[in-house]
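The values are calculated or read from the model by the stated rules, or taken from the named source; none is laboratory data. Keep in mind that this is a model prediction, so the values were computed, not measured. Here Cβ is always computed from backbone atoms with ideal geometry, including for glycine, and neighbour counts include all displayed protein chains.
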């Protein structure tokens, strides 16, 4: 079937009075939405007849009878006067359009109304930071030339951008450079493009009323007045010290004098003009408690100084009072001063280390820090067994240890920290060197050797005894174990021999001791083997000495008649 969709109706003026002749031009635009419909197209310009408009989508002027239109496609009809002008001209007296979305109807009867061109809609804002010598912006936040009204139940519009540039290009749109801006500071006006932002720099603080005027193609305007307050730029409050970590002056209970210098920046040079002023606050802990030293309402050139009464961390605060062009504001900067004290560090070395019993041990202080303020150094060995008072900080001293145990020494440094007398002490552990030794008892034809070793940091874990005969040049007897803290040896002949005791403690330290002996023949004696635990003889004429020899799990008892002679 040929395309046959009819539009018709009466055209009314801005006062809702129907036109009676051909005063109005109209033009139809078909907007394709469905993919199977005919392409979008403007029809020819027509004049109303006796105030009526009428057209068919299927005439040859628009889509032709073989064209296609479907439900959902859009038809726009634009009306305007004078009828001598084109739709895109800027001299239109009245104009308007309506939009229809097609359904399945064949005929659309819709009255139309045109109105005078509307003034454009202004929508401008400002943005800061609203400071002198910095950009202040006027922003077009959505100014437009779009308007709508309802007539006979149908929405009519003056909306140039409704369906893109191909539809209403140039018609009553906002032109470039149509925005005029008066910054209200005596400078020349600026022009701007719609939708853009324009900036300006003020050189003086104050309240300014920015005037913005927008003009559309028909010459209609809209305007806004945008008040702004421009303030002086923000200064930076700051200061420096000639020494943030002062030392004590000595022993007078005060620290070194510290001087502070105001370094506040004034970007607009307004301090003297506006009468800025500063307050200083310096905290301290004096002889009678905490207090604050105040210097109020002073100039920038004022430079306070201070000596602290005690060590510690103290706050120094500078507050700026400044005028920004509309009111007084404050800005504060605070730093911390660390009042130092004279300090020392303990240190003590000794040689030999570990110490050797019954030998001289030399102790050497290696105290560091502010040593010139040390009044004396005390040493306390083994919790009061040996106390030494008032030595110089670098004075060496000696001590001889005679007892095999872990010893301690406390080093106490007495000094003045610049504010009061104080002390610093530290404990040290003194280890004794593990050293093998033994004694013996003489039984005439035999010697009983007993362990007399010096035990160091840890107990002895094992003993080893060795006997070497000088005449035989060989080991006569040797045994070892954790339980062999004594050893018995006897002989039948004149002999020269040596006895060696080797010990090892649980810390892995090994030490040996060797002693030599010369003995006479023991006549009539009988050699009895002690199973590796010794060599024994029996002399029936002497008293009986019971000696037990133990090697590992082998324990044997041997009776020997001897008479003790002496013990060593």
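A few notes on this one:
- Answer residue from region 416-453, given it is at pLDDT below 85 and not in a strand (DSSP E or B) and is farthest from residue 480 (Cα to Cα) among those: 444
- Filter pass, residue 283 being on the phi < 0 side of the Ramachandran plot, modelled with pLDDT of 95 or more and surrounded by fewer than 16 Cβ atoms within 10 Å (Cβ to Cβ): no
- Enumeration of residues in region 14-43 that are touching a residue at least 60 places away in the same chain (Cβ under 8 Å), buried (at least 18 other Cβ atoms within 10 Å of the Cβ) and outside any strand (DSSP E or B): 24
- Residue in region 316-351 that is surrounded by the fewest Cβ atoms within 10 Å (Cβ to Cβ), counting only those that are free of Cβ contacts under 8 Å to residues at least 40 places away in the same chain and under 30 Å from residue 268 (Cβ atoms): 327
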